[in-house]
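Peer 1: Below: one structure in structure tokens.
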Amino acid sequence: MGKFRAVLTVHVWEGINLASKDSNGLSDPYCVVSVIPTSKPSKAKTKVKKETLNPTWQEVFNFKLEHWESSVLKIECLDWDRFGSPDFMGQFSIPVADIEGELIDSYFTLLPRDGKNDAVSGKIRIQAHVKVTEQAEKGGKPLVYSDTIDKERYKSLDAPHIERQEALFQLIQCEKKYQQDLHHIIADYYSPLKSILSAGALEYLFQNIEEIARTSTRFLQALQERQKENDFVIMKIGDVVEPFIKQFKCYIPYCTNHNLISERLQSLMQATPELSSFFTEDKDASALEVALKLPKKRLLRYQAQLGAYLNTLPGEHVDKESLPLVIDQLQNLIAEINNQVREKEFVISVQHLYRSLEKAGQHSLMTNAQDKTRFVESITKVTILQDDLNTPAIAILFEDSIVFIKQNKKEPISVLHQFGLLSATFTDLPDCIEYQHSMKLKTSEVTLRIEMPTAQSKVHWLAAAEHYQQALLYENMMLQSRGLDEEAEGVLEQAHTLIEQYGQLLPIEYVNTLEEMLNYICDQRSEQEQTRENIAQVNEQLHSLNDRAHQLNKAEAHANLTNSGSTIGYLAVNSATATGSAIKHGVDSFMKRPSNL
């Protein structure tokens, strides 16, 4: 075991609503805390808390880590028995890399073992943080700002100034270590593998690692030049960092594929025996996997370190104006990378789901009643909290339904729940100790509490479910009233034709009947935009006809008064002319329609 490079501190606080394992309805819980891989001791245990489902431990453990980037923190909860083996009560794991750079303080849901139907429930609260010591130099002591500056000059600086300089010093030291790591990747892996892998395979694995290394070199040189300008007392940094933000776009193609590094490396090793032979005990494949994930971690740390420096600045400092814009640009860059990563992960998840369902004989889940492939909106790992049990599942949101499946390496896919979207109601649940990022799903038969992985995923699911429910309601409404739609369109089409051809020659009976039908259609189909437009257009024509009819009635009355010996029929439908016959045929055909369409 080499020299440790980080210290992981884990504070196990308490458990809530744990599973009952003893005949008295209680348990004697304790936790086993382990980190893999790590230096000894690799495991630690809390004390046993007797006869409780809500234990309080408040115990702290420290682990010295060598390969902390690839280590995993694992917490197991067990029920102590005086005789026999302890009963399993649940577990959870956290990659140590996710802890580095921040203090985690949260309740974590206990989950069953993979391939086991363990009855588990509840959560455990832990605090954890990682202190990285990899910048240690002489004597194993971490290098700090005061080690690099003249003692008298250091004493002349006030405390806020020293705090600012320390933040910038750590930025430069981290960049120096990062550059060394990049050069190590290129010298020990990338360059030697040029003789083994094709240019395409090399790019497939390493992406644009050389371009990223060149960018880091230029950035470090710019920082060190600014550091030397005033004898290691940096007055401002925003004008140095800002030009490099555009250059940092070289991280986009690299970071959008960093989550595929493990799969790509394994596939290349299977296809290229020489690559497998290249790796030895001192230069193993897992070390390369860890190293290739460093660029994205560094990009995230830029944001954190610049933010820490910004927090040390007084209100009138020149960097107060430029640096927030730089950090915003970094955030936008990271957001763009995350969006592309999510899109790629989603495509891969859908492809994997298709293969798994087909292999398990459950391919019908992916097709609808018309045997067409369902559109997959989202695939998310969730925890179903029901009947005091925590059940991990994969939730699939389709355009017309939601399915919860259970999948592990030892068993084929099984369907836990399947609901049509219109049969379910979703309710946003506020965060509390018992559950976080959760929503309630209720049907006529079952009520589930679904714990999503993040608050963002919950918001997305609720919005998407509501969108598709509205679309399904509208589609069903259209299907149920399809006969009415066809009849209404037929009425409108005939009305347009007769009005356009014969206009003011149409009888008033036709006008009145059509107006009644249009009002009926308008009442029944008020939500159809196109129909409403057509109705409005015909109504305008009807109003014009009514105005003309009134004028003709007045003319007829006047004619009857002035010429009582003549018989002038108002709009002679029984005319012997060809035009009169055509109008009569059209009107008679229309008037024979049922009054209810």
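Peer 1: For LYS40, indicate whether it is open to solvent by 50 Å² or more (accessible area, probe 1.4 Å) and modelled with pLDDT under 90. Explain how you work it out, then say what you get.
Peer 2: On the way: open to solvent by 50 Å² or more (accessible area, probe 1.4 Å): yes; modelled with pLDDT under 90: yes.
The answer is yes for LYS40.
Peer 1: Filter the stretch 227-242 down to residues that are touching a residue at least 12 places away in the same chain (Cβ under 8 Å), under 14 Å from THR148 (Cβ atoms) and not in a loop (DSSP other than H, G, I, E, B), then give me how many there are.
Peer 2: Of the residues in that region, 1 qualify.
Peer 1: Next question. Kindly evaluate ALA222 against the criterion of being farther than 22 Å from GLY307 by Cβ and either open to solvent by 70 Å² or more (accessible area, probe 1.4 Å) or modelled with pLDDT of 90 or more (or both).
Peer 2: On the way: farther than 22 Å from GLY307 by Cβ: no; either open to solvent by 70 Å² or more (accessible area, probe 1.4 Å) or modelled with pLDDT of 90 or more (or both): yes.
It is false that ALA222 is farther than 22 Å from GLY307 by Cβ and either open to solvent by 70 Å² or more (accessible area, probe 1.4 Å) or modelled with pLDDT of 90 or more (or both).
Peer 1: Would you mind finding the one in GLU203, GLU166, GLU210, GLU175 that is without any contact (Cβ under 8 Å) to a residue 24 or more places away in the chain, in a helix (DSSP H, G or I), open to solvent by less than 70 Å² (accessible area, probe 1.4 Å) and of a type in the set (Asp, Glu)?
Peer 2: Every option except GLU166 fails the conditions.
Peer 1: Go through the stretch 107-118 and report how many residues are open to solvent by 30 Å² or more (accessible area, probe 1.4 Å) and at pLDDT below 90.
Peer 2: 5
Peer 1: Tell me which of these ASP150 doesn't satisfy, since it passes every other one: (1) open to solvent by 20 Å² or more (accessible area, probe 1.4 Å); (2) modelled with pLDDT of 90 or more.
Peer 2: Result: ASP150 fails condition (2) only.
Peer 1: For LEU325, are the conditions met, namely being free of Cβ contacts under 8 Å to residues at least 60 places away in the same chain and farther than 20 Å from SER191 by Cα?
Peer 2: So LEU325 does not fit the description; no.
Peer 1: Please work out if ALA488 is crowded, with 17+ Cβ neighbours inside 10 Å, among the small types (Gly, Ala, Ser) and either at pLDDT 90 or above or in a helix (DSSP H, G or I) (or both).
Peer 2: Here the answer is yes, as ALA488 does meet what is asked.
Peer 1: How many of the residues in the stretch 178-194 are exposed (fewer than 15 other Cβ atoms within 10 Å of the Cβ), more than 12 Å from ILE209 (Cβ to Cβ) and modelled with pLDDT of 90 or more?
Peer 2: 2
Peer 1: Now for a different question. Which residue, of ALA213, ALA271, ALA222, is closer than 19 Å to LEU323 by Cβ and small (Gly, Ala, Ser)?
Peer 2: Only one candidate qualifies: ALA222.
Peer 1: Given the condition surrounded by fewer than 16 Cβ atoms within 10 Å (Cβ to Cβ), part of a helix (DSSP H, G or I) and in contact (Cβ under 8 Å) with a residue 24 or more places away in the chain, answer yes or no: does some residue in the stretch 273-283 qualify?
Peer 2: Yes; the residues of the stretch 273-283 include at least one that is surrounded by fewer than 16 Cβ atoms within 10 Å (Cβ to Cβ), part of a helix (DSSP H, G or I) and in contact (Cβ under 8 Å) with a residue 24 or more places away in the chain.
Peer 1: Regarding GLU289, is this residue touching a helix residue (DSSP H, G or I) at 6+ places or on another chain (Cβ under 8 Å) and either at pLDDT below 90 or closer than 20 Å to SER216 by Cα (or both)?
Peer 2: In short, yes.
Peer 1: Also: Within the stretch 120-147, how many residues are modelled with pLDDT under 90 and either in a loop (DSSP other than H, G, I, E, B) or basic (Lys, Arg) (or both)?
Peer 2: Of the residues in the stretch 120-147, 9 are modelled with pLDDT under 90 and either in a loop (DSSP other than H, G, I, E, B) or basic (Lys, Arg) (or both).
Peer 1: Considering only residues that are modelled with pLDDT of 90 or more and assigned to a loop (DSSP other than H, G, I, E, B), look in the stretch 425-436 and name the one that is most open to solvent (accessible area, probe 1.4 Å).
Peer 2: Checking each candidate, the answer is PRO430.
Peer 1: Filtering the stretch 234-260 down to residues that are buried (at least 19 other Cβ atoms within 10 Å of the Cβ) and among the aliphatic types (A, V, I, L, M), which residue is farthest from ILE337 (Cα to Cα)?
Peer 2: Across the stretch 234-260, the extreme among qualifying residues is ILE234.
Peer 1: Could you give me the residue pairs with C-beta distances under 8 Å whose first residue belongs to the stretch 341-358 and is under 20 Å from LYS296 (Cα atoms), whose second residue is surrounded by 15 or more Cβ atoms within 10 Å (Cβ to Cβ) and modelled with pLDDT of 85 or more wherever it lies, and which are 6+ apart or on separate chains?
Peer 2: VAL341/CYS255; VAL341/THR256; LYS344/THR256; PHE346/SER378; PHE346/ILE379
Peer 1: Taking the stretch 261-272 as the search range and keeping residues that are surrounded by 15 or more Cβ atoms within 10 Å (Cβ to Cβ) and more than 26 Å from the chain's Cα centre (by Cα), which one is nearest to ALA304 (Cα to Cα)?
Peer 2: In this case the residue turns out to be LEU265.
Peer 1: Output the number of residues of the stretch 438-453 satisfying the condition of being hydroxyl-bearing (Ser, Thr, Tyr) and either surrounded by 20 or more Cβ atoms within 10 Å (Cβ to Cβ) or part of a strand (DSSP E or B) (or both).
Peer 2: Qualifying residue count for the region: 2.
The values are calculated or read from the model by the stated rules, or taken from the named source; none is laboratory data. These figures come from a predicted structure and were not determined experimentally. Note that each Cβ is placed from the backbone with ideal geometry, even for glycine, and that neighbours are counted across all protein chains shown. Heads up: the accessible areas ignore ligands, DNA and RNA and are worked out on the full protein's heavy atoms, side chains in. Shrake-Rupley method; radii C 1.70, N 1.55, O 1.52, S 1.80 Å.
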